[in-house]
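The block underneath contains the structure these notes are about, expressed in structure tokens.
Readers should treat all values here as calculations from the given coordinates under stated rules, not as data from a laboratory. Note that the coordinates shown come from a computational prediction; the quantities given were computed from them, not determined experimentally. All Cβ positions, even for glycine, are placed from backbone atoms using ideal geometry, and neighbour counts span all protein chains on display.
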């Protein structure tokens, strides 16, 4: 008799602890969120080298995240960034850009100054000489392509979204120059 209860209890325990259905639901939930934001599926390989040019496919979304947080480029090479805002919210409340900072720039100070630079698409005039490259500020569904030459000096170069509070929400990354 106890054996039957024990087997029954174990089967209930394993059924309750089996989270394979929750993984499936979570996966579907994430998938539907991506469609809800109107995003095109992110590229499987967002960084490629075509004819010696490093091509980077980057997106920003309404959750204040880039699809890419780190990538590497050869020193002194040409970089082509294709950036798209895949979110649905209006530019005035959820605009995105990508700003590559020169080495050793304080990104927190940059972002703090950027918050007061609404009339300049959140690019602080006093930091313009510390920017390596940048896209335009984009609204929902908009895209921008920029080309720039990676620095000749190896190291890590931070990139961020300068829209108020987006850096602090995690919309940042690192381009490593090798």
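Indicate the gyration tensor shape class of the range 47-177 (rounded, prolate or oblate), computed on the Cα atoms with a ≥ b ≥ c the square roots of the eigenvalues: a/c under 1.5 is rounded; otherwise a/b larger than b/c is prolate and the rest oblate. Walk me through the numbers on the way to the answer.
Details: a/c = 1.89, a/b = 1.28, b/c = 1.48.
Here the range 47-177 falls in the oblate category.
Taking 0.36 nm per residue of separation and subtracting the Cα-Cα distance, what length does fully extending residue 78 through residue 169 add?
Values: separation 91, 0.36 × 91 = 32.76 nm, distance 2.95 nm.
Full-extension gain reported as 29.8 nm.
Using r as the Cβ-Cβ distance of residue 149 and residue 44, and R0 as 22 Å, what FRET efficiency do you calculate, to the nearest 0.05? If you can, show how the numbers build up before the last one.
Values: r = 27 Å, r/R0 = 1.22.
Efficiency for this residue pair is about 0.25.
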